[in-house]
Ligand code: G6P
Ligand code: MG
């Protein structure tokens, strides 16, 4: 069968978690409380709206709908300022090597991200041409762990869900891949991502023969 590869963006292709963190921390501080690195873990793979709900819970801040909407805009404007000068140097180790390899094998590649900023980020770091399909926060109605984002990606690639392989750094993302009955690959801490079919700290740990073997089993 034809195999397809689906990549999450934040934490898999680029380390934007630190910029999301700075923007959320700035907002928290303005609202009079702190936001730690550890709490930021809860935000990985989680939509912007849900992140703000969690943040306000942490700070025990009550908001009117108007304030809520204004803070969503403010956080994103700050985030966009932080990522303004992002370039290829921020691509995580060996990601380009893996994308090049998969291209050379002519396997279709999709992005499956919760971020509404996914496309401009891929453009900034110069990786957009590698992707045959982009499914991001603008195209989904249900957030990870719902499988929607990955199922749309599979359909766009013309690959059966069962024959897709997903790279994810978030627990909700691994669950989404598993819910889609795809092969899930955790990138990051194996103890955190224990639900994944395979675990790697980062792409430097993956031998190209691993992809070869996956292709042969589909
Ligand atoms: C990714 C990140 C989350 C972020 C979400 C929405 O999933 O891991 O931390 O909240 O995208 O990003 P956005 O760029 O739309 O605010
Ligand atoms: Mg991620």
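Give me Rg/Rg_expected for the chain, where Rg uses Cα atoms only and Rg_expected = 2.2 N^0.38 Å with N residues. Can you show the working numbers first?
On the way: Rg = 17.3 Å, N = 218, 2.2 N^0.38 = 17.0 Å.
Dividing the Cα radius of gyration by 2.2 N^0.38 Å gives 1.02.
What nm value, rounded to one decimal, do you get for the distance between residue 66 and residue 128 when each label is placed 7 Å out toward the C-beta?
Reported label-point gap for residue 66 and residue 128 is 3.8 nm.
Please give the length that would be gained between residue 209 and residue 84 if that part of the chain were fully extended, namely 0.36 nm times their separation in residues minus their C-alpha to C-alpha distance (nm, one decimal). Walk me through the numbers before you get to the answer.
Values: separation 125, 0.36 × 125 = 45.00 nm, distance 3.63 nm.
Stretched fully, the residue 209-residue 84 segment lengthens by 41.4 nm.
What value does segment 17-108 have for Rg/Rh, both radii from Cα atoms and Rh as Kirkwood defines it? Walk me through the intermediate numbers first.
Numbers: Rg = 16.8 Å, Rh = 15.1 Å.
Taking Rh as the inverse mean 1/r over Cα pairs, Rg/Rh reads 1.12.
Quick one: length gained pulling residue 103 to residue 57 fully straight, 0.36 nm per residue minus the C-alpha distance? Don't skip to the answer; put the middle values down first.
Working: separation 46, 0.36 × 46 = 16.56 nm, distance 4.38 nm.
Net length gain for the segment: 12.2 nm.
Any idea what Rg and Dmax come out to for segment 74-198 if you just take the C-alpha atoms, in Å?
According to the Cα coordinates of segment 74-198, Rg and Dmax are 14.6, 43 Å.
Distance from the Cα centre of segment 37-111 to that of segment 166-218, in angstrom?
Rounded to whole Å, the Cα centres lie 20 Å apart.
Top mean-square fluctuation among 98, 140, 73, Gaussian network model of the chain, C-alpha springs under 10 Å?
73
Helix 65-83 versus the longest principal axis of the chain: what is the Cα-based angle in degrees, 0 to 90, to the nearest 10?
Rounded to the nearest ten degrees, it is 60.
If the label point is 7 Å along Cα→Cβ of residue 191, which residues in segment 16-45 have backbone nitrogen under 18 Å from it?
In segment 16-45, the label zone of residue 191 (backbone N under 18 Å from the point 7 Å along Cα→Cβ) covers 37-42.
For the chain, what is the mean residue ellipticity at 222 nm derived from helices alone (per DSSP H run of n ≥ 4: -39500 (n - 2.57); sum divided by total residues; nearest 500 deg cm²/dmol)?
Working: 9 runs with 95 residues, N = 218.
The helix-only estimate for the chain comes to -13000 deg cm²/dmol at 222 nm.
I want to check the label-to-label distance for residue 34 and residue 92. Put each point 7 Å from Cα in the C-beta direction and report it in nm to one decimal.
2.7
Quick note: the coordinates plus some simple rules give every number you see, no bench work behind them. None of the values given here were measured: they were computed from a predicted structure. No Cβ is skipped: glycine too gets one built from the backbone with ideal geometry, and neighbour counts run over all protein chains shown.
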